[in-house]
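The values are calculated or read from the model by the stated rules, or taken from the named source; none is laboratory data. Computed from a predicted structure; not experimentally measured. Here Cβ is always computed from backbone atoms with ideal geometry, including for glycine, and neighbour counts include all displayed protein chains.
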Amino acid sequence: MKFSFLKPTLISCGIGIFIPGFTAILFFLFQLLTDKLNIECEIYWKSLWVLTTLTAVATPIIFIKNIEKTKNPTLTKLTIFNFVEYISLQASLAQFFTNVNTICYGSGGQNGIELVFTAWLALPILICFSFLFKFKFGKFDTKSFKSI
């Protein structure tokens, strides 16, 4: 039996269509928490963008290395990858559509709505990753993980 990367990712993407507002609210809740720690809003968002950009780049590399090392792609690993990559892409892509002044102090009625749209932009990227994983690991049987 071959492991399917695409089907679980499509299911994750189906869920991802409906949850971008929830994940955006989580980003703003963390911003409020860091504000209580006297961390400025601008510093929080700039730090978040750097951290999520690095995470969005590192997560696929770590995922591939783990599958190569363990020779065991699992639904759990793929689900964790999809979730972490989705959130990382959502936040990191936002920096191209807004700035700290807009997101911290609100202007033009945006107030973070761009985070919903960047979450939707992350979905086709996740699907592309699944195709890449399928081509990279698609020749392996999950039972023995030997070339077919």
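Structure above, values below:
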quantity: Filtered residues of segment 27-38 (kept if in a helix (DSSP H, G or I) and surrounded by fewer than 13 Cβ atoms within 10 Å (Cβ to Cβ)); calculated: Leu29, Phe30, Leu32, Leu33, Lys36
quantity: Enumeration of residues in segment 31-54 that are within 17 Å of Glu114 (Cα to Cα) and under 18 Å from the mean Cα position of the chain (by Cα); calculated: Trp45, Lys46, Leu48, Trp49, Thr52, Thr53
quantity: Flag for Phe83 being surrounded by 13 or more Cβ atoms within 10 Å (Cβ to Cβ), farther than 17 Å from Lys134 by Cα and out of contact with any helix residue (DSSP H, G or I) (no Cβ under 6 Å at 6 or more places or on another chain); calculated: yes
quantity: Count - residues of segment 39-67 that are closer than 18 Å to Asn99 by Cα and in a helix (DSSP H, G or I); calculated: 13
quantity: Top-ranked residue in segment 14-25 [being in contact (Cβ under 8 Å) with a residue 60 or more places away in the chain and of a type in the set (A, V, I, L, M); ranked as surrounded by the fewest Cβ atoms within 10 Å (Cβ to Cβ)]; calculated: Ile17
quantity: Matching entry among Thr118, Thr52, Thr98 (being free of Cβ contacts under 8 Å to residues at least 24 places away in the same chain and touching a helix residue (DSSP H, G or I) at 6+ places or on another chain (Cβ under 7 Å)); calculated: Thr98
quantity: Check on Ile113, modelled with pLDDT of 95 or more and either among the basic types (Lys, Arg) or closer than 25 Å to Gly14 by Cβ (or both); calculated: no
quantity: Single residue of segment 32-49 satisfying the filter (in contact (Cβ under 8 Å) with a residue 24 or more places away in the chain and not charged (D, E, K, R)) that is nearest to Ile127 (Cα to Cα); calculated: Trp49
quantity: Looking only at segment 1-19, and only at residues there that are farther than 17 Å from Glu85 by Cβ and touching a Gly at 6+ places or on another chain (Cβ under 9 Å), the one that is modelled with the lowest pLDDT; calculated: Lys2
quantity: Residue that is surrounded by the fewest Cβ atoms within 10 Å (Cβ to Cβ), among those in segment 68-80 that are of a type in the set (D, E, K, R) and part of a helix (DSSP H, G or I); calculated: Lys69
